[in-house]
Amino acid sequence: MEDETVDNEPVTPTPERGNRIALLGFGTVGSAVAQLLLDESWRANAAERGHIVPTLTGIAVRDLEREREVTLPDDVRLTDDVEALIAADDVDIVVELMGGTDTAAEAIEAAFAAGKPVVTANKELLATSGRDLEAAARKAGVRLRFEAAVAAGVPVLGPLVWDLGANRVTSLRGILNGTTNHILSTMASDARDYEDVLREAQAAGYAEADPSSDVEGLDGAYKLALLMRLAFDAWPDVDELRRDVPSFAKDGGAGITGVTRPHLSAAARLGMTIKLVARAERLEDGGITAAATPMAVSAASSLGSTGGVTNLVEFTAEPVGRVTMSGPGAGGPATASAVLADVLVLGTGVASTWEQLPPAEAVEVVDDLAAERGWLVCIEGVGAEGFPDRVKELALATTDEALVSLPITLLELTAKLGMLDKPVTLYPILSDA
């Protein structure tokens, strides 16, 4: 029998119908995507790894006169006519990186109507209108991929559907917003106030001029909604996802806006730190608890020791147990990595991000702060008299102006603290972290 040989030399694909890209948006992420699509070394590496190498055809922008960091070759057109670019005969895949909701939704719907698949990083649009967009994509028979919408450079959504496909996910949690994690990490390590660190983060480009989506927890809630869709086959109402912790005699604020330097100092003396944690869990009765609020976690845990702009996601599933993924969660290069991974996947004919999963239904979310749990209770201005006796009896451990409570429901804890005339903030404790 003659020896058979196998030719393993990589084949360099030529531009062909099926991989020509229209890029909508030319900001930080759009520029990073365009730069890689035009980079010969990136294209060569993609070809060597067996991918059909995509070709950038055109870019839609709002302002044609604005200076760009990326110089475009003559065969890549720049236009302000989004609809015309989407409908063009030399466009096969639409990459939406405009941000916002209304215009982006119209662009995606136009692509669906033209029978063209879409890649997007638009977490806000997906979280608020994802169920409708999923239904529209299924009806039109086109694919919609959005790996870049959660944790940017950390591949989370694809592995959740495929690599954990033999498991039943029972809970998930994570640090999903790099801006807030940077602020909290810096406040804790440098003993600085929130407003001071926020201003510095804005100057360094870690926080937007309007940081409200990040610091008030909306960004984390958007990403949590997408994880819940793939983990639990359910689309939550983002407005039902709690983003604040209980407080008395003070304005607490959503997200991390109510976290103070004394709170972080007190947590540190008790072996903990405060992180903005997005989480969801299946209940035995079929319900799902979910929230995206600050939590007190062990400083030595994976969540507690995650600093800077790093994202970290943990899944607990049966039979595998706990799986942790971490990496860069924001920025042009990290997000471009996920966007282009989706583009390359579409070149193989693979389906939408939800792959083989059936359509997901809307779900009512149960507030996870209602259940019995331990709390980090921060009481301002305790002074020399210390904690009242009715508060002391709740404590497992205490420090100057804070205590770790015994497991107790929020309703019971509120009744115990209700008569105090001092500002109080309650942080739920993540007991196994």
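What follows draws every value from the coordinates through simple rules; no lab data is involved. The model shown is predicted, which means the values in this text are computed figures rather than measured ones. Note: ideal-geometry Cβ built from the backbone for every residue, glycine included; neighbour counts use all protein chains shown.
Tabulated data
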quantity	calculated
Selection from LEU411, CYS378, PRO423 lying farthest towards where the dipole of region 375-428 points positive, charges on Cβ	LEU411
Spacing of the two label points (7 Å from each Cα toward its C-beta) at ASP80 and ALA395, in nm	6.4 nm
Relative contact order of the chain, pairs being alpha-carbon contacts under 8 Å that are 6 or more residues apart, as %	18 percent
In nm, spacing of pseudo-spin labels at THR103 and SER431 (7 Å Cα→C-beta vector)	4.9 nm
Restricting region 306-392 to GluC sites (Glu not before Pro) in coil, as DSSP defines it, with at most 10 other Cβ within 10 Å	GLU364, GLU385
Percent of Cα pairs exceeding the 17 Å cut-off, where the set is region 20-145	56 percent
Three-way shape label, region 98-202, alpha-carbon gyration tensor, a/c 1.5	oblate
Where only C-alpha atoms are counted, convex hull volume of region 375-428 per residue in Å³	70 Å³
Lysine pair number, Cα distance threshold 27 Å (strictly under), the chain, separation 8 or more or different chains	16
Cα gyration tensor shape for region 272-346, rounded if a/c is under 1.5, else prolate or oblate	oblate
Helical mean residue ellipticity (222 nm; -39500 (n - 2.57) per DSSP H run of 4+; nearest 500) of the chain	-9500 deg cm²/dmol
Measure of compaction for the chain (Cα Rg per 2.2 N^0.38 Å)	1.09
Charge-dipole axis of region 259-382 as Lys and Arg at +1 and Asp and Glu at -1 on Cβ define it, positive-most pick from ALA267, GLN356, ASN311	ALA267
Cα gyration tensor, region 206-339 - rounded (a/c under 1.5), prolate or oblate	rounded
